[in-house]
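The values are calculated or read from the model by the stated rules, or taken from the named source; none is laboratory data. This one's a predicted model, so the numbers in the text were calculated from it and none came from an experiment. When we count neighbours, we look across all protein chains shown, and the Cβ atoms used for this are built from the backbone with ideal geometry, even at glycine. To get the accessible areas, we keep the full protein, side chains included, count just its heavy atoms, and leave off ligands, DNA and RNA. Shrake-Rupley method; radii C 1.70, N 1.55, O 1.52, S 1.80 Å.
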Amino acid sequence: MAENRASEYTEGTPCWVDAQLPDVEAGKRFYGELFDWTFEDQPEQPEWPAPASRPTQSVRPSPPLETVRALLGGKPVASLAHKTDGRLPTVWTVSFATPDAEALCRRILAAGGQLVSAPRAVGELGVTALVTDPEGAVFSLWQPGERPGFGRRHERGAFAWVELYTRDTEAANTFYGALFHDALFGKGVEPDFGRAPVSDVFPAEMPPHFLVHFAAEDLEATMADVTRLGGRVQVPPFGTSYGTVAVVTDSQGASFALLSR
């Protein structure tokens, strides 16, 4: 797939994923072998500060942080960043596209969501913000500058889907449907974003969260590679409306899913 253009990302379309890891070099070894990713330095990346209560009136520059950009066949597919605070989760985060991060943050707050980090510039690449929905599921916003988003999607080793596991799917549909109506329910769209009850796959006490899915051609072989590389299988393959899914963790504990269609 050719590099995506900004016009391909309707507001609310998943356009990027990043992992916050204790050890970026270990992440490079794991994902490089698992998905055939290569890496390049990306010195400018947001380091999320303490929670804030409302968006600022101007976009602030983000501080430098050890980050690498993952490439598949020379095209960007993800970022791996070093988490500087051990209290932060080791996790994959999805970013949704928006033409105006400040305006979308205001709409999220008005709809009952929370602002974790106000919009801030990532060099000339774009503007990002970290937010939650009313149940506390964390996601990111991306207002494109020089970087629209994924260079490859929907192929082996690239982003394929994101599922929100929530305790109230009806409330989630109302919240995200109002924010991202055209991307989810517009005429002829094929969204890469679904909603499911937490208890369907995870323990009922699991907090609401997004689960990033990467495409896999052979689930059994890829799960074996995950285990060989130091990760583990959390949930064996199960059927969904969008394909067959297995939930795994990497060698540092970050959960993600493998999707076969």
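Give the residue list of trypsin sites (Lys or Arg not before Pro) in segment 185-236 that are DSSP loop and have at most 15 other beta-carbon atoms within 10 angstrom.
187
Which whole-number percentage describes the relative contact order of segment 195-252, with Cα contacts under 8 Å and a sequence gap of 6 or more?
Relative contact order, segment 195-252: 24 percent.
Compute the Cα gyration tensor for the chain, then decide on rounded, prolate or oblate, letting a ≥ b ≥ c be the square roots of its eigenvalues: rounded whenever a/c is under 1.5, prolate when a/b is larger than b/c in the other cases, and oblate in all that remain.
Rounded, since a/c falls under 1.5.
Which cross-chain or sequence-distant (5 or more) residues have an amide H under 5 Å from the amide H of residue 66, H modelled 1.01 Å from N in plane?
82
Counting helices only, and only those DSSP H runs with n ≥ 4, report the 222 nm mean residue ellipticity of the chain as the sum of -39,500 (n - 2.57) divided by its residues, in deg cm²/dmol to the nearest 500.
One gets -5500 deg cm²/dmol as the mean residue ellipticity at 222 nm.
Spelling out what I want: for every residue of segment 246-261, take phi, set θ = phi - 60°, compute 6.51 cos²θ - 1.76 cosθ + 1.60 (Karplus), and round to whole Hz; glycine and proline get x.
With the stated coefficients, segment 246-261 comes to 10, 9, 9, 10, 7, 6, 10, x, 6, 7, 7, 10, 10, 10, 10, 10 Hz.
Taking the highest mean first, how do the peptides 196-204, 239-247 order by number of other beta carbon atoms within 10 angstrom per residue?
239-247, 196-204
How would segment 167-231 be classified by its alpha-carbon gyration tensor: rounded, prolate or oblate, with rounded meaning a/c under 1.5 and the a/b versus b/c comparison settling the rest?
oblate
Please name which of 12, 196, 252 has its Cα lying farthest along the dipole of the chain towards the positive end, using unit charges on Cβ (Lys, Arg +1; Asp, Glu -1) and the Cα centre as origin.
Positive-most Cα among the choices belongs to 12.
Residue by residue, what Karplus-based ³J(HN,Hα) values in Hz, rounded to whole numbers, does segment 31-37 have, using 6.51, -1.76 and 1.60 with θ = phi - 60° and x for Gly and Pro?
With coefficients 6.51, -1.76 and 1.60, one gets 6, x, 7, 5, 10, 6, 7 Hz.
Once a ≥ b ≥ c are taken as the square roots of the eigenvalues of the Cα gyration tensor of segment 66-116, is the result rounded (a/c under 1.5), prolate (a/b larger than b/c) or oblate (a/b not larger than b/c)?
Oblate is the answer for segment 66-116, as a/c is 1.5 or above yet b/c matches or exceeds a/b.
Test of understanding: given the chain, find the longest segment containing no GluC sites (Glu not before Pro) that are in a DSSP loop and have at most 12 other Cβ atoms within 10 Å.
Formally, the longest exposed-site-free interval is 1-123.
Hey, which lysines would be in cross-link range of residue 75, C-alpha to C-alpha under 20 Å, not counting anything within fewer than 8 residues on its own chain?
Straight-line reach from residue 75, under 20 Å: 28.
Just subtract the alpha-carbon distance of residue 36 and residue 205 from 0.36 nm times their residue separation and send over the number in nm, one decimal.
Separation in residues times 0.36 nm, less the Cα-Cα distance, equals 57.3 nm.
With θ set to phi - 60° and the Karplus curve 6.51 cos²θ - 1.76 cosθ + 1.60, what are the ³J(HN,Hα) couplings of segment 145-162 in order, to the nearest whole Hz, using x for Gly and Pro?
Whole-Hz 3J(HN,Hα) from phi for segment 145-162: x, 6, 10, x, x, 4, x, 9, 9, 6, 8, 3, x, 10, 4, 10, 5, 9.
Quick one: accessible area per residue over segment 200-261, 1.4 Å probe, rounded to a whole number of Å²?
44 Å²
Using a 1.4 Å probe on the protein heavy atoms, what percent of the accessible area of the chain belongs to carbon and sulfur?
C and S fraction of accessible area: 51 percent.
By how many nm would the segment from residue 235 to residue 154 grow when fully extended, if each residue of separation counts as 0.36 nm and the alpha-carbon distance is taken off?
27.0 nm
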